[in-house]
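Down below is the structure, laid out as structure tokens.
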Amino acid sequence: MAFFSVIIPLYNKADYIKNTIESVLNQTFTDYEIIIINDGSTDKSKDIILEYNDERILFYDQENQGASAARNLGIEKSKSNYIAFLDA
């Protein structure tokens, strides 16, 4: 079980999501999971995420329901006791 979960709600942020993920992966602390909830993006966001091959990155799709619903799904999928939210 990861020490904490980084939950990233994602909606049409193809220009930013790579930098967002890299900012987490570049931390010196590594006991975490990254939970990305794609909230119905219509751009290339999903394609960018699928390029990563890191077991700490968990990716889920849902129809567009808004950032709050994406965060709530991230909480449901979390396996840690601590949660950090990071917008894409």
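The values are calculated or read from the model by the stated rules, or taken from the named source; none is laboratory data. All values reported here derive from a predicted model rather than from experimental measurement. Ideal geometry is used to build each Cβ from the backbone, glycine not excepted, and the neighbour counts take in all protein chains shown. For accessibility, only protein heavy atoms count, side chains too; no ligands or nucleic acids. Shrake-Rupley method; radii C 1.70, N 1.55, O 1.52, S 1.80 Å.
Taking a straight line from the alpha carbon of residue 44, these aspartates and glutamates sit under 12 Å away, with near neighbours fewer than eight places off in the same chain left out: 15. Here the 3J(HN,Hα) profile of the range 65-74, calculated from phi with Karplus coefficients 6.51, -1.76 and 1.60 at θ = phi - 60°, is 10, x, 4, 5, 5, 5, 4, 4, 5, x Hz, Gly and Pro shown as x.
A crude spin-label estimate for the pair residue 77 and residue 22, with each label 7 Å from Cα along the Cβ direction, gives 2.3 nm.
Within the straight-line cut-off of under 25 Å between alpha carbons, the lysines reachable from residue 79 are 18, 46, sequence neighbours fewer than 8 places apart in one chain being disregarded.
Taking trypsin sites (Lys or Arg not before Pro) as candidate sites, keep only those in a DSSP loop with at most 16 other Cβ atoms within 10 Å, then name the longest stretch of the chain containing none of them.
Details: sites that count: 44, 56, 79.
The reported range is 1-43.
Within 10 Å of each candidate Cβ there may be at most 15 other Cβ atoms; applying that plus a DSSP loop requirement, which GluC sites (Glu not before Pro) in the range 18-88 survive? Passing sites in the range 18-88 are 51, 55, 63.
With a probe of 1.4 Å, find how much accessible area the chain has per residue, and write the answer as a whole number in Å².
60
Leaving ligands, DNA and RNA out of it, report the carbon-plus-sulfur percent of the accessible area of the chain at a 1.4 Å probe. For the chain, the apolar C and S fraction of the accessible surface comes to 47 percent. One chain, two ends: residue 30 and residue 84. Fully extended at 0.36 nm per residue, the span grows by 18.1 nm beyond their Cα-Cα distance.
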